[in-house]
1. Please go through segment 26-77 and give me each residue that is in a loop (DSSP other than H, G, I, E, B) and surrounded by 12 or more Cβ atoms within 10 Å (Cβ to Cβ), ordered by number.
2. With the checklist (1) modelled with pLDDT of 90 or more; (2) outside any helix (DSSP H, G or I) in hand, flag the one item ILE126 doesn't pass.
3. Looking at segment 78-94, which of its residues are part of a loop (DSSP other than H, G, I, E, B) and either touching a helix residue (DSSP H, G or I) at 6+ places or on another chain (Cβ under 6 Å) or farther than 22 Å from GLY43 by Cβ (or both)?
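The values are calculated or read from the model by the stated rules, or taken from the named source; none is laboratory data. In this text, all values refer to a predicted model and were calculated from it rather than measured experimentally. Here Cβ is always computed from backbone atoms with ideal geometry, including for glycine, and neighbour counts include all displayed protein chains.
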Amino acid sequence: MTAEPIHPAATQHLPSFVTAPGETDVLMIVTAVILLIAVVGFGVLFLRLHTLPERMAHKSHKLQFEIVAVLGLIALFTHMHIFWVAGLLLALIDFPDFGGWFSRITRATEKMAGIKNEDLAEGPEIEGSDIKPGESSTMPAQENVAKLRRTDVPASARPASSKPHEELTRV
(Lines give C-alpha, C1' and ligand atoms only; values in the text may rest on other atoms or scores of the structure.)
Protein backbone atom coordinates (compact mmCIF):
# COMPACT_ATOMS: atom_id res chain seq x y z
CA MET A 1 0.00 0.00 0.00
CA THR A 2 1.33 3.31 -0.93
CA ALA A 3 0.37 6.50 0.76
CA GLU A 4 -1.94 8.49 -1.41
CA PRO A 5 -1.01 12.10 -1.92
CA ILE A 6 -3.09 14.64 0.02
CA HIS A 7 -5.33 16.85 -2.03
CA PRO A 8 -3.71 20.23 -2.68
CA ALA A 9 -6.65 22.09 -1.03
CA ALA A 10 -6.35 20.03 2.23
CA THR A 11 -4.27 21.23 5.12
CA GLN A 12 -1.15 19.36 6.13
CA HIS A 13 -2.27 18.81 9.74
CA LEU A 14 -5.59 16.95 9.95
CA PRO A 15 -7.23 16.26 13.37
CA SER A 16 -6.90 12.72 14.65
CA PHE A 17 -10.64 11.98 14.45
CA VAL A 18 -10.74 12.45 10.68
CA THR A 19 -10.41 9.04 9.07
CA ALA A 20 -9.13 8.21 5.68
CA PRO A 21 -11.52 6.83 3.08
CA GLY A 22 -12.24 3.11 3.58
CA GLU A 23 -11.04 3.00 7.23
CA THR A 24 -13.12 2.46 10.38
CA ASP A 25 -14.50 5.56 12.02
CA VAL A 26 -13.42 5.02 15.63
CA LEU A 27 -14.98 8.24 16.92
CA MET A 28 -18.42 7.22 15.66
CA ILE A 29 -18.19 3.81 17.35
CA VAL A 30 -17.02 5.32 20.67
CA THR A 31 -19.81 7.91 20.50
CA ALA A 32 -22.42 5.20 19.81
CA VAL A 33 -21.22 3.09 22.78
CA ILE A 34 -21.25 6.12 25.11
CA LEU A 35 -24.75 7.07 23.90
CA LEU A 36 -26.05 3.52 24.45
CA ILE A 37 -24.59 3.36 27.98
CA ALA A 38 -26.03 6.81 28.79
CA VAL A 39 -29.54 5.88 27.60
CA VAL A 40 -29.56 2.56 29.51
CA GLY A 41 -28.10 4.23 32.61
CA PHE A 42 -30.68 7.02 32.52
CA GLY A 43 -33.49 4.47 32.12
CA VAL A 44 -32.29 2.43 35.08
CA LEU A 45 -31.94 5.58 37.21
CA PHE A 46 -35.44 6.74 36.19
CA LEU A 47 -37.04 3.39 37.03
CA ARG A 48 -35.18 3.15 40.36
CA LEU A 49 -36.39 6.63 41.29
CA HIS A 50 -39.87 5.84 40.03
CA THR A 51 -40.20 2.71 42.21
CA LEU A 52 -38.84 4.44 45.32
CA PRO A 53 -42.26 4.73 47.09
CA GLU A 54 -43.07 1.09 46.35
CA ARG A 55 -39.72 -0.11 47.68
CA MET A 56 -40.12 2.05 50.81
CA ALA A 57 -43.61 0.66 51.52
CA HIS A 58 -42.45 -2.92 50.88
CA LYS A 59 -39.38 -2.62 53.10
CA SER A 60 -41.37 -1.34 56.08
CA HIS A 61 -44.26 -3.82 55.53
CA LYS A 62 -46.94 -1.15 55.20
CA LEU A 63 -50.60 -2.10 54.98
CA GLN A 64 -51.10 0.27 52.04
CA PHE A 65 -48.37 -1.36 49.91
CA GLU A 66 -50.77 -2.33 47.12
CA ILE A 67 -52.20 1.18 46.91
CA VAL A 68 -48.70 2.65 46.66
CA ALA A 69 -47.81 0.16 43.92
CA VAL A 70 -50.95 1.01 41.91
CA LEU A 71 -50.29 4.75 42.26
CA GLY A 72 -46.76 4.16 40.96
CA LEU A 73 -48.08 2.31 37.90
CA ILE A 74 -50.64 5.01 37.20
CA ALA A 75 -47.91 7.66 37.44
CA LEU A 76 -45.68 5.65 35.10
CA PHE A 77 -48.29 5.24 32.37
CA THR A 78 -49.99 8.65 32.62
CA HIS A 79 -46.88 10.79 33.28
CA MET A 80 -48.83 12.64 35.99
CA HIS A 81 -46.40 13.19 38.84
CA ILE A 82 -49.13 13.85 41.41
CA PHE A 83 -49.77 10.08 41.60
CA TRP A 84 -46.08 9.47 42.35
CA VAL A 85 -46.13 12.14 45.07
CA ALA A 86 -49.31 10.64 46.56
CA GLY A 87 -47.67 7.19 46.57
CA LEU A 88 -44.57 8.61 48.23
CA LEU A 89 -46.66 10.27 50.93
CA LEU A 90 -48.63 7.05 51.51
CA ALA A 91 -45.39 5.10 51.78
CA LEU A 92 -44.13 7.49 54.43
CA ILE A 93 -47.33 7.50 56.54
CA ASP A 94 -47.75 4.72 59.09
CA PHE A 95 -51.41 3.77 59.49
CA PRO A 96 -52.47 1.84 62.60
CA ASP A 97 -53.30 -1.84 62.15
CA PHE A 98 -56.98 -1.97 63.08
CA GLY A 99 -57.29 -5.47 61.65
CA GLY A 100 -54.89 -6.83 64.25
CA TRP A 101 -56.92 -5.30 67.04
CA PHE A 102 -60.18 -6.64 65.67
CA SER A 103 -58.78 -10.14 65.27
CA ARG A 104 -57.54 -10.07 68.87
CA ILE A 105 -61.00 -8.97 70.04
CA THR A 106 -62.57 -11.74 67.97
CA ARG A 107 -60.27 -14.42 69.39
CA ALA A 108 -60.91 -13.22 72.95
CA THR A 109 -64.68 -13.21 72.42
CA GLU A 110 -64.55 -16.71 70.90
CA LYS A 111 -62.51 -17.92 73.84
CA MET A 112 -64.99 -16.44 76.34
CA ALA A 113 -67.94 -17.94 74.45
CA GLY A 114 -66.25 -21.33 74.18
CA ILE A 115 -66.41 -21.39 70.40
CA LYS A 116 -63.56 -23.24 68.76
CA ASN A 117 -62.02 -22.16 65.47
CA GLU A 118 -63.20 -25.34 63.72
CA ASP A 119 -66.80 -24.40 64.52
CA LEU A 120 -66.37 -21.04 62.82
CA ALA A 121 -64.57 -22.43 59.77
CA GLU A 122 -67.47 -24.71 58.91
CA GLY A 123 -70.05 -21.97 59.26
CA PRO A 124 -73.57 -22.12 60.64
CA GLU A 125 -75.80 -24.99 59.68
CA ILE A 126 -79.50 -24.21 59.78
CA GLU A 127 -81.90 -27.07 59.20
CA GLY A 128 -84.30 -26.65 56.36
CA SER A 129 -82.25 -24.08 54.50
CA ASP A 130 -79.93 -24.32 51.54
CA ILE A 131 -77.05 -22.47 53.25
CA LYS A 132 -73.83 -24.36 52.82
CA PRO A 133 -70.93 -24.34 55.28
CA GLY A 134 -68.58 -21.41 54.74
CA GLU A 135 -71.31 -19.08 53.42
CA SER A 136 -72.30 -16.10 55.51
CA SER A 137 -75.77 -15.95 56.94
CA THR A 138 -77.57 -14.37 59.82
CA MET A 139 -78.49 -16.92 62.42
CA PRO A 140 -81.72 -16.29 64.34
CA ALA A 141 -81.23 -14.95 67.86
CA GLN A 142 -82.47 -18.19 69.53
CA GLU A 143 -79.84 -20.25 67.72
CA ASN A 144 -77.15 -17.74 68.74
CA VAL A 145 -78.24 -18.08 72.35
CA ALA A 146 -78.19 -21.87 72.09
CA LYS A 147 -74.74 -21.81 70.57
CA LEU A 148 -73.38 -19.41 73.18
CA ARG A 149 -75.07 -21.09 76.17
CA ARG A 150 -72.69 -23.99 76.67
CA THR A 151 -71.70 -25.86 79.74
CA ASP A 152 -67.97 -25.41 79.07
CA VAL A 153 -68.18 -21.60 79.37
CA PRO A 154 -66.60 -20.58 82.69
CA ALA A 155 -68.84 -18.83 85.19
CA SER A 156 -66.66 -15.72 85.11
CA ALA A 157 -67.46 -15.26 81.42
CA ARG A 158 -71.24 -15.52 81.91
CA PRO A 159 -73.37 -12.39 82.31
CA ALA A 160 -74.21 -11.34 85.85
CA SER A 161 -78.00 -11.45 85.36
CA SER A 162 -80.01 -14.38 86.65
CA LYS A 163 -81.15 -15.22 83.13
CA PRO A 164 -78.12 -15.24 80.83
CA HIS A 165 -80.14 -15.68 77.63
CA GLU A 166 -82.00 -12.38 78.18
CA GLU A 167 -78.68 -10.55 78.13
CA LEU A 168 -77.74 -12.18 74.81
CA THR A 169 -81.08 -11.80 73.00
CA ARG A 170 -81.42 -8.07 73.69
CA VAL A 171 -80.30 -6.44 70.43
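1. Selection gives THR51, LYS62, LEU63, GLN64.
2. Against the list (1) modelled with pLDDT of 90 or more; (2) outside any helix (DSSP H, G or I), ILE126 comes up short only on (1).
3. ILE93, ASP94
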